[in-house]
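What follows is one structure encoded as structure tokens, with my remarks underneath.
Where a number appears in this text, it was derived from the coordinates with a stated rule and is not lab data. Bear in mind that the values here come from a model prediction, so they are computed numbers and not experimental data. Don't worry about glycine lacking a Cβ; one is built from the backbone with ideal geometry, like all the others, and counts go over all protein chains shown.
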Ligand code: GLA
């Protein structure tokens, strides 16, 4: 190996690229649609084909929403008794899964399936524990491009990172052995700290119990207040609680392996417009997979407006950047808090994000000393061209200039449950000043 190669290898290793799951997928977080959040177990070939068509007719595929994922309950009552291979419900899928995936592929999309690293799936269908090889082989024959792999009925095979790792690594190996690139989306709800062991075996890993289509309601079924030492992931985790969960583990995400904050609820009706904007914005800047979970055949203009904000999607899909970091969180006395987040993008561009989870409008000064704390004094002191990514410019493109700003963004009025997402690019004069130093 030449010096150059050694150097670039070291560089890639420093970025975490070499250590990531090496199937070449999820270079940026995966995007698509999944049946579960809206349809639950009530799915059929028609549900999935209609959604695929709607993704195309609404131009969502052009924005990157390419994976169409069939979640739980596609299964027949039992596996094939002779071969042990998985079988789909013949009533819901009269033409079989291969035919369905062919149709999805013919539309230019990719097809995903669901199983569990357990005896049963969470919906009580047959699971893949002990059947990893035949299942992976069958999925590959069916033309599957993506596996969401759950954690229910795992027969007690969890409790340490090693035990969880080994159970999920079995499927990772089986998928790789098929020779077909299959994106591996681990779904063990953050149990045993997957951010520590999943990057080498999976393309993404869920970090928490299931999302609830609600802004911040505390529900005992999602009992943990943080996920690092969480002993029961549960479900009914409100959206803003998942943002809290994600804050410390951003450092573990990298190209090829992402923290999965769970599928989107935008459009499912449990949150206000501002709350869904917050949901979509934070899933984007935290580099979560953006998997729509609404009925895409029937969307309001508001829903479409949110999920088609190309400036926000661009933050999620920016090559070479990691998740945003929380720079501070300040408790508000009426309840909730204010949060400042910052993210470095490629090409010396930055994102500053402000979130108000309190019940009232707040006035906030965003100080560049905080937003650019990681970058040091020069960055804290220089001027930036700042644009608001939830407003459109005169040509109708997302991102409206709010001016050239130095020191901080003062006197920001932020409504309850709202977030502000600004793009900040060093102003030309600052660049000169920096170059002259
Ligand atoms: C678990 C997962 C969900 C969904 C259901 C299906 O709860 O976390 O995302 O896949 O199972 O039963």
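Zone of residue 153 (label point 7 Å along Cα→Cβ, backbone N under 19 Å): which residues in segment 182-201?
187-189
Taking the Cα-to-Cβ direction at residue 163 and at residue 361 and moving 7 Å from each Cα, how far apart do the two end points lie in nm?
5.3 nm
What's the extension gain from residue 228 to residue 429 if we count 0.36 nm per residue and subtract their Cα-Cα distance?
Numbers: separation 201, 0.36 × 201 = 72.36 nm, distance 4.36 nm.
Full-extension gain reported as 68.0 nm.
Restricting to the chain, compute how many DSSP beta bridges are antiparallel as a %, nearest 5. Intermediate values should be presented prior to the final figure.
Numbers: 40 of 65 bridges.
Antiparallel bridges: around 60 percent, rounded to the nearest 5.
Rounded to the nearest 500 deg cm²/dmol, what is the calculated helix-only ellipticity per residue at 222 nm for the chain, with -39500 (n - 2.57) per DSSP H run of length n ≥ 4? Numbers along the way, then the final one.
Numbers: 14 runs with 127 residues, N = 437.
Rounded to the nearest 500, it is -8000 deg cm²/dmol.
Within segment 306-325, list the residues whose amide N lies under 16 Å from a label point set 7 Å along Cα→Cβ of residue 395.
Output list for this probe position: 310-311.
Can you sort 304, 389 by how many other beta carbons sit within 10 Å, fewest first? Don't skip to the end; give the middle numbers.
Working: 304 16, 389 22.
Ranking 304, 389 by Cβ neighbours within 10 Å, fewest first, gives 304, 389.
When a footprinting reagent is the concern and you count Cβ atoms within 10 Å, what order do 206, 217 take, fewest first?
Details: 206 29, 217 14.
Ascending Cβ contact count within 10 Å gives the list 217, 206.
Quick one: of the DSSP bridges fully inside segment 61-218, what percent are antiparallel, nearest 5? Mind showing how you got there, number by number?
On the way: 2 of 16 bridges.
Around 10 percent of the beta bridges assigned by DSSP in segment 61-218 are antiparallel ones.
Once label points are set 7 Å from the Cα along Cα→Cβ at both residue 107 and residue 331, what is their separation, rounded to one decimal in nm?
Calculated label separation equals 4.9 nm.
Out of all DSSP beta bridges with both ends in segment 153-309, state the antiparallel percent to the nearest 5.
Numbers: 1 of 8 bridges.
Taking every DSSP beta bridge with both residues in segment 153-309, the antiparallel ones total about 10 percent.
Express in whole angstrom the spacing between the alpha-carbon centres of segment 207-241 and segment 89-151.
27 Å
For residue 62, put the label point 7 Å out on the Cα→Cβ axis and report which residues of segment 269-305 keep their amide N under 20 Å from it.
292, 296-305, by backbone N distance to the label point.
For 392, 410, what's the fewest-to-most ordering of other Cβ within 10 Å of each Cβ?
Working: 392 15, 410 11.
The most exposed by this proxy come first: 410, 392.
How high is the FRET efficiency from residue 42 to residue 347, r the C-beta distance, R0 51 Å, rounded to 0.05?
On the way: r = 45 Å, r/R0 = 0.88.
The pair residue 42/residue 347 has a calculated efficiency of 0.70.
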